[in-house]
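Visitor: Before anything else, here's the structure in question.
The values are calculated or read from the model by the stated rules, or taken from the named source; none is laboratory data. Here the structure is a predicted model, which is why all the values come from computation and not from measurement. For neighbour counting, all protein chains shown are included, and Cβ atoms are generated from backbone atoms with ideal geometry for every residue, glycine included.
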Amino acid sequence: MTQNLLQKLGIATTLAMLVVVSGAGADDIQLPDIGSPADAVLSKSEENRFGRAIMSQIRQTGQVVEDPLIAEFINEIGHQIAAQANDGSHRFEFFVINDERINAFALPGGYIGVHTGLIEATRNEDELAGVLAHEIAHVTQRHIARAIHANQRQGILTTALMLGAIVAGIAGGGGDAMQAGIAVAQGTAAQSQINFTRSNEYEADRIGIGALHDAGYDPHGMASFFDVMSRQQPTSPELRAPEFLRTHPVTTNRIAEARARASEHPRQLSTDSTNYGVARVRMIVERFDTAAEAVAYYEKRDYQQQSDIERYGRAVAYQRAGRHNDANRIFDELINKDEKVIAYHIGLGETQLELENYSAGKATFDRAVELFPRNVPLIITYGEFLVRLGEPKKAHKLLLDLMNNVPPTPEQVRLIARAASEAGDSAESYYYLSEYELMTGDLINGIRYLQRALTLPDLQEIQRIRFEARIDFIRDYMTEEQLKQMQRSRPDRSSVADAG
């Protein structure tokens, strides 16, 4: 049946059909619980494949937040919860979308996105953890595959219209267009469809609350955030509800049930981590249109009355405004109070280097690398500065060690490609650029970079073997049309300079 849908609707529409409201909400048809038909409709390997394709499209919108400190935090908290809700059969990747609307969603294959607006709306880390736990449960309970099974029992056109509109909204498309598409599709659907969505949401709440407790978070965090959002219900039909309420309907019954389930677990006395505060204030600083507005926001309160996280936010605002001396003084004070916070080391090293105090800046980063080896935000930030400072070989070595141990993002792969290029290692730079193209969904250019590497006169035999094997591997995943396109077209004239 999946193959028939691919043939009838094309890959774009099919991908849209897979983003079933695991948080990105539409109404689904009611499905009796007679076992799990999920694998018969969409295997886990297919979910992973489709999820990667959708994630590639989302990355191309330019809305994924690349700030390594924010990305590291959301993955840290997400994986901590996922470890309690997952039997090991699901892989997860968490990312942040630069969107002030309050929302979160799950994609096939365990990709979970959170809007910056939602993180800012949370009052504490337990509430954010509650949202992530809910989305994680959508994945572990196979709600996506189960919804596809349900959607086979209604018109293909209705499903395509509704879920296509949802994908547009997830990827940063216009909210009005998305709501219009959903409204048209829902007009053709039966009232009984609502029940399946409700059952998914309640099941995700139940599983998520248990995972919250087991991960060391307050299980009341989920109901607490629901309560916050329920107060934002519009008082008039003319007013727009927050995105979260339209994609995750919150009722008094649902809040009461979430509270009752949380009460079954001992209350956890958790406190917000410094990383939660760091991620949140970095988003706030970037939210303002100008650096002056960000500075004014953090200067509203007297410095002596501010918490360490507020002072950190002030320093980041000063950085954005180019006031590196002011930022440097704050980072130096913060690191002397608590040197366990990696963000303080990064901030101090950044300001020292911006002030052209190169020996002190590199010493700050080198010491931090000793204290926190293979920390992603630290290594990525230091690597970027080393390339700027004309030390690409050191940057390449640091980044390669990191990426051999931690899966990189596409932008991080571009960084190591640039470092290798400026270090004079053209073959490896081409290889990294090939990997970047593959990660962003362009198999043809991925092969072309490897073919270009094979023409280099100083290529080592071990590199030749590795590159040729990689080309063969990629070809196995290409369509007939892609293979024909490669034969018809000549290689483009992109150069290693593309890495910059």
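Visitor: Which pairs have Cβ atoms under 6 Å, sit 6 or more apart or on different chains, and link a residue in the stretch 318-337 that is without any contact (Cβ under 8 Å) to a residue 60 or more places away in the chain to one that is of a type in the set (A, V, I, L, M) and part of a loop (DSSP other than H, G, I, E, B)?
Guide: Every condition considered, the pairs that remain are His324/Leu355.
Visitor: Here's a follow-up. I'm trying to understand the selection: among the residues of the stretch 112-124, which are touching a residue at least 60 places away in the same chain (Cβ under 8 Å), crowded, with 23+ Cβ neighbours inside 10 Å and of a type outside the set (A, V, I, L, M, F, W, C)?
Guide: Correct list: His115, Thr116.
Visitor: Also, quick follow-up: Please find, among Glu350, Glu333, Glu310, Glu356, the residue that is outside any helix (DSSP H, G or I) and either surrounded by 13 or more Cβ atoms within 10 Å (Cβ to Cβ) or over 26 Å from the mean Cα position of the chain (by Cα) (or both).
Guide: Working: Glu350 fails: outside any helix (DSSP H, G or I); Glu333 fails: outside any helix (DSSP H, G or I); Glu310 fails: outside any helix (DSSP H, G or I).
When all the criteria are applied, what remains is Glu356.
Visitor: Among (1) free of Cβ contacts under 8 Å to residues at least 24 places away in the same chain; (2) over 22 Å from Ala215 (Cβ atoms), where does Asn75 come up short?
Guide: Exception for Asn75: condition (2).
Visitor: Suppose we filter His213, His248 for residues that are closer than 25 Å to Ile144 by Cα, assigned by TED's automatic domain parsing to the domain that holds Glu127, within 24 Å of the chain's Cα centre (by Cα) and modelled with pLDDT under 80; which single one remains? It would help to see each step written out before you state the result.
Guide: Values: His213 fails: modelled with pLDDT under 80.
Going through His213, His248 in turn, just one is closer than 25 Å to Ile144 by Cα, assigned by TED's automatic domain parsing to the domain that holds Glu127, within 24 Å of the chain's Cα centre (by Cα) and modelled with pLDDT under 80: His248.
Visitor: Could you list, in sequence order, the residues of the stretch 416-446 that are over 25 Å from Arg475 (Cα atoms), of a type in the set (A, V, I, L, M, F, W, C) and surrounded by 24 or more Cβ atoms within 10 Å (Cβ to Cβ)?
Guide: From the stretch 416-446, those over 25 Å from Arg475 (Cα atoms) are 418-425; that's our starting set.
Filter once more, so that each one left must be of a type in the set (A, V, I, L, M, F, W, C): 419-420, 423.
Listed by number, the residues that qualify are Ala419, Ala420.
Visitor: Kindly provide the set of residues from the stretch 380-414 that are among the charged types (D, E, K, R), in contact (Cβ under 8 Å) with a residue 12 or more places away in the chain and either touching an Asp or Glu at 6+ places or on another chain (Cβ under 8 Å) or not in a helix (DSSP H, G or I) (or both), ordered by number.
Guide: Glu411
Visitor: Six or more apart or on different chains, Cβ atoms under 9 Å: show the pairs whose first residue is in the stretch 450-461 and within 15 Å of Tyr432 (Cα to Cα) and whose second is among the charged types (D, E, K, R) and modelled with pLDDT of 95 or more.
Guide: What qualifies is Leu450/Glu468; Leu450/Arg470; Ala453/Glu428; Ala453/Arg464; Leu454/Arg464; Leu454/Glu468.
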